[in-house]
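This report refers to the structure that appears directly beneath it.
Each value in this text was obtained by applying a stated rule to the coordinates, not by laboratory testing. Keep in mind it's a predicted model, so treat the numbers as computed, not measured. Note: ideal-geometry Cβ built from the backbone for every residue, glycine included; neighbour counts use all protein chains shown.
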Amino acid sequence: MSPEGGGYDPQVIDATWQARWRAEGTYEVDNDDPRPPYYVLCMYPYPSGRAHMGHVRNYTFGDLLTRYRTMRGYGVLSPIGFDSFGLPAENAAIATGTHPRAFTEQRIGELTSSLARIGASYDWRRLVTSHDPRTIRWSQRIFNRFFAAGLVYRKHATVNWDPVDQTVLANEQVLADGTADRSGAVVEKRDLEQWFFRITDYAQELLDDLDPLDWPEKVKTMQRNWIGRSEGAEFELRLCAPDGAPDPAGRSFRVFTTRPDTSFGMTFCVLAPDHPLVADITTDERRADVEAFVARVRATAEIDRLSSERALADRGCATGAHVLNPFTGTPVPVYLADYVLATYGTGAVMAVPGEDQRDWDFAGAFGLPIVETVQRPDGWDGEAYAGDGPHINSGWLDGLDKAAAVAASIDWLVTHGIGERRVNFRLRDWLVSRQRFWGCPIPIVHCPDHGPVPVPDDALPVLAPDDVELRPSGQSPLVSHEGFLHTTCPVCGGPARRETDTMDTFVDSSWYFLRFCDPGNDDAPFDPAAVARWMPVDQYIGGVEHAILHLLYARFFTKALADLGVAPEQLREPFARLFTQGMVRLGGSRMSKSRGNLVAPEDILDVEGADALRLAHLFSGPPADDVDWETVGIEGCTRFLGRLWRLAEPASAAVAPAEGDAAGLVDREAHRLIQRVTDDYERWSYNTAVAACMAFTNHLYKEGSTVFAVDTLLLLLAPMCPHITAELWARRHDGDHLHERSWPVADAALAAVERVTMVVQVNGKLRERVEVDAGIDAAEAERLALATPKVVDALNGRPPRRVVARPPTLVNVVV
RNA sequence: GCGGGCGUGGCGGAACUGGCAGACGCGCCAGGUUUAGGACCUGGUGUCGAGAGACGUGGGGGUUCGAGUCCCCCCGCCCGCACCA
């Protein structure tokens, strides 16, 4: 290490350049910036304190892209914010007595410092946090717009209730085994009055608009499955006596099916245990059993309900009621079963055991008849048959295949006024109420005379009071805060009570990316013109764990806001391109606080510095893949940065300059490197981009360096390791700022290869290598190949059976 | 069960459109430098074989002049949804 130049000291260099970027506003961009716009966005973080490795990975990719696109001449919008409402702050408040705001703002400070320390570059003027009263005001304004448009409504819902923490939980806080992720208690069901967003109005559009998005196919598929469109028919079943005599009261219910073609095989039907008609249709003889069954299902934890261990006979119950199968005119019994869900379709199904395995199993357990309505293929040895085939035992549908029989059966239902074609979605409306304190208050006043009334726009934001005591009482402290609770009705001025529920924090993350476009706006959530300039986000980066909820909600918000005229009308999708990065694991398991296997990025920043840490993440493998930190060799990256320093630092000069022809060859190599690395950046192949830069550095150590080659290397590495490259560039170029330079452009003529190694194969096996001119034609390649000793040997005087020439890289001689 | 993906050295991975398998890095081995250690520099490193060479991308088959890459079957692993009628 040369004493004159000084060694590579990341502590000093990182801090120097981070301060300079911040002070000079290097990555600030105005809405009238003359450069073409490009919007890079990392999913904004929940402020949990100092950054963990997942953050580092995420924000390294985002920062790299910001710097790269800036060098390519774009005005890059790269904002950051914090998803600062949420459960952990509230739990900490209950545990320690700290106000959630103080707790949260401390965590924001820590995460902000971490982000700065990895060198992430943002336009800090655009900072948006969910708990900021300015954000709350516009979240509430949007709620009111949705309310006015009928996109918000209130209804009774069965929600998850944690009996230990005494609170309602979101679905995502309930584990697969039916226990709460925080308390571990078995979650109960409770009926409460809740607020919903009518996302199902957009189900079809949310499905259709996925197709053109440049998103991982996996994420699009997950969303399609979540939306869960299915086509079929809905029709009416009329109650009757066991002998088929009409029900004197004329009662009926409707069923949804995707297989109306199999209706002739309906030998019973099934209602959900909580179907509203259950009590009404149950016969007196069956009432005791039915009531016991319904009570049992309600009390049974989800996990037990789903268990395949349970005897089927315990999962259903006869009601004693009968309905007429309209296709056959015969009566069939009505059962209850826990596998029929009240919330999907009509909460009632016709059962066709011949063509549905669940119905088959149920029929077996209850001794119900099975009628096959589709001809089994030869050799079929299964039970229920769901495939295609000619219909049998189906009256006028006999002989038709599935598609024809579906169409004919629906026509028949329509003609007879019994039912109609029907599309159902699995997607439910979005339950947004949370009985929590640390969230955006729902801006509603309940008036005894006028019902729920929105708080007028000019009275927003509705802010939660600070003088509350957070206790695990099962209610938001707002419920018992008299000053907050009591207000007047905006319509009549009479006494009224404030809504005490807050909004799901997914509401905040459903529009924050729009606010980033116009964060200072005091008249509206954002100016549609500002949004039109930047949106949609050109590159969105985040974890695949948000593949469904956040991304679906944000898409819904964008569409709804566009339809309401809040966002530009033509903005139908928020995120044009999505990249989901892999998770950081340690020794195979997920890194997490609870597992106690966190590797603190700050410890690495203290020693190896930001550039080595970033490089380690970039080099470890494809960005989309999970990475096991145990196998990441930061040593190689640290070593490389040392080599780079001794190559490029003017006074450290460990590499001699290339002389004469060698210099020209090195420069040509540099042009090829530009092509290679640029291509790698464009296709998210950063591990190979790093590899190419390492290989080139090795090459320079061997062949000698040139000013052009080293400068090129620094430019290409600038987005990946911005500190060391900026420092080296400044030392080489009289204080010049690397990150204001343009991305290098390869000279195609110089990059072109003149001499290449041509591979000669005999029968597809490698036999010779020949140095040839890159411009040779097929005839010349063949001539050279046939003249090589191994080929002459193999031919032994005979002519080749065939010669395949792919000049200038390969010739295959078939003998 | 349905959907998506993956399987390459001791390890992370590379091979983009079918054309030199294993780039780059870790680790390991040897040499240099150093008082020594560390750091650094150079070379080597898929398996078998003294060598020529043979074998080699989870297993089996196929297409092709040529297959890690395309097709079929099987095995194993990961992820998502999971009684959605």
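Nearest-5 percent of antiparallel DSSP beta bridges in chain A? Don't skip to the answer; put the middle values down first.
Working: 71 of 95 bridges.
The answer is about 75 percent antiparallel.
Most exposed first by the Cβ proxy, i.e. fewest other Cβ within 10 Å, how do A:Thr558, A:Thr500, A:Thr688 rank? Before the final figure, lay out each step's value.
Details: A:Thr558 26, A:Thr500 23, A:Thr688 16.
The fewest-first ordering by Cβ neighbours comes to A:Thr688, A:Thr500, A:Thr558.
Can you give me the orientation-averaged projected area of the convex hull built on the Cα atoms of the stretch A:83-142, in nm²?
Projected over every direction and averaged, the Cα hull of the stretch A:83-142 covers 5.0 nm².
Which ³J(HN,Hα) values in Hz, rounded to whole numbers, follow from the phi angles of the stretch A:209-221 under the Karplus curve 6.51 cos²θ - 1.76 cosθ + 1.60, where θ = phi - 60° and Gly and Pro get x?
6, 5, 3, x, 5, 8, 10, x, 4, 4, 5, 4, 5
Considering the zone a paramagnetic label at A:Val414 would reach in this model (a point 7 Å from Cα along the Cα-to-Cβ line), which residues of the stretch A:242-266 have amide N under 19 Å from it?
A:255-263
Sorting check: for A:276-289, A:628-641, which peptide has the highest mean count of neighbouring beta carbons within 10 Å, and how do the rest follow?
A:628-641, A:276-289
Residue by residue, what Karplus-based ³J(HN,Hα) values in Hz, rounded to whole numbers, does the stretch A:63-69 have, using 6.51, -1.76 and 1.60 with θ = phi - 60° and x for Gly and Pro?
Listing the rounded values in order: 5, 4, 5, 4, 5, 5, 5 Hz.
So what's the stretch A:441-567 giving for Cα Rg divided by 2.2 N^0.38 Å, two decimals? Display every interim value, and only then the final one.
Working: Rg = 17.8 Å, N = 127, 2.2 N^0.38 = 13.9 Å.
Scaled against compact globular proteins, the figure is 1.29.
What ranking do A:116-128, A:321-333 get when scored by the average of other Cβ atoms within 10 Å per residue, highest first?
A:116-128, A:321-333
Limiting things to C-alpha atoms, what are the Rg and the maximum Cα-Cα separation (Dmax) for the stretch A:209-336, in angstroms?
In order Rg, Dmax, the Cα atoms of the stretch A:209-336 give 18.7, 60 Å.
Give the Rg (one decimal place) followed by the Dmax (whole number) of the stretch A:38-173, computed from C-alpha coordinates and expressed in Å.
18.4, 57
Could you pull out the GluC sites (Glu not before Pro) across the stretch A:731-790 that fall in loop regions by DSSP (anything but H, G, I, E, B) with no more than 15 other Cβ atoms inside 10 Å?
Qualifying residues, ordered by number: A:Glu754.
Sequence-distant or interchain residues sharing an amide H contact under 5 Å with A:Val627, placed H: which?
Counting only residues 5 or more places away or on other chains, the set is A:Met583, A:Val584, A:Arg585.
Sort the following peptides by mean Cβ neighbour count (other Cβ atoms within 10 Å, averaged over residues), highest first: A:375-382, A:434-441, A:532-539.
Descending packing order for the listed peptides: A:434-441, A:532-539, A:375-382.
What is the Å³ per residue value for the convex hull set by the Cα atoms of the stretch A:371-492?
Once divided by residue count, the hull of the stretch A:371-492 is 266 Å³.
Order by neighbour count: A:Phe268, A:Phe85, fewest other Cβ atoms within 10 Å first, most last.
Listing A:Phe268, A:Phe85 from fewest to most nearby Cβ atoms yields A:Phe268, A:Phe85.
For chain A, rounded, prolate or oblate, judged on the Cα gyration tensor with a ≥ b ≥ c (square roots of eigenvalues), a/c < 1.5 rounded, else prolate if a/b > b/c?
Oblate is the answer for chain A, as a/c is 1.5 or above yet b/c matches or exceeds a/b.
Could you work out how much longer the chain between A:Arg769 and A:Asp401 gets when fully extended? Use 0.36 nm per residue separation minus the Cα distance between them, nm to one decimal.
126.3 nm
Taking the 0 to 90 degree range and rounding to the nearest ten, how far is the long axis of helix A:87-96 tilted relative to the main principal axis of chain A, both from C-alpha atoms?
90 degrees
What number, rounded to the nearest 500 deg cm²/dmol, is the helix-based mean residue ellipticity at 222 nm of chain A, given -39500 (n - 2.57) per DSSP H run of at least four residues and division by all its residues? Write out the running numbers ahead of the final one.
Working: 26 runs with 288 residues, N = 815.
Estimated from H runs of four or more residues: -10500 deg cm²/dmol.
For the stretch A:513-526, take each phi angle, set θ = phi - 60°, evaluate the Karplus expression 6.51 cos²θ - 1.76 cosθ + 1.60, and give the result in whole Hz per residue in order, putting x for glycine and proline.
Per-residue couplings from phi come out as 5, 7, 5, 4, 6, 7, x, x, 5, 9, 10, 7, x, 5 Hz.
Amide H to amide H under 5 Å from A:Ala658: which residues, 5+ apart in sequence or cross-chain, H placed 1.01 Å off N in plane?
A:Ser705, A:Thr706
Taking Cα atoms, how many degrees apart are the long axis of helix A:549-563 and the longest axis of chain A, rounded to 10 and kept between 0 and 90?
Result, in degrees: 80.
Determine, for A:Leu716, A:Leu478, the number of other Cβ atoms within 10 Å of each Cβ, and report the residues in order from fewest to most.
Placing the least packed residue first, the sequence is A:Leu478, A:Leu716.
Scan around A:Ile444 for amide H atoms under 5 Å from its own, H built in the peptide plane at 1.01 Å from N, and keep only partners 5 or more places away or cross-chain.
Hits under the 5 Å cutoff: A:Val455, A:Glu499.
By how many degrees, between 0 and 90 and to the nearest 10, does the Cα long axis of helix A:133-148 differ from the longest principal axis of chain A?
With both axes taken from Cα atoms, the answer is about 40 degrees.
Give A:Lys155/A:Lys559; A:Lys218/A:Lys559; A:Lys220/A:Lys559; A:Lys189/A:Lys218 a once-over and call out the pairs whose C-alpha atoms are over 26 Å from each other.
With Cα atoms farther than 26 Å apart: A:Lys189/A:Lys218.
Around A:Pro331, with a cut-off of 13 angstrom between Cβ atoms, what is the net charge of the other residues, counting Lys and Arg +1 and Asp and Glu -1?
The answer is -1.
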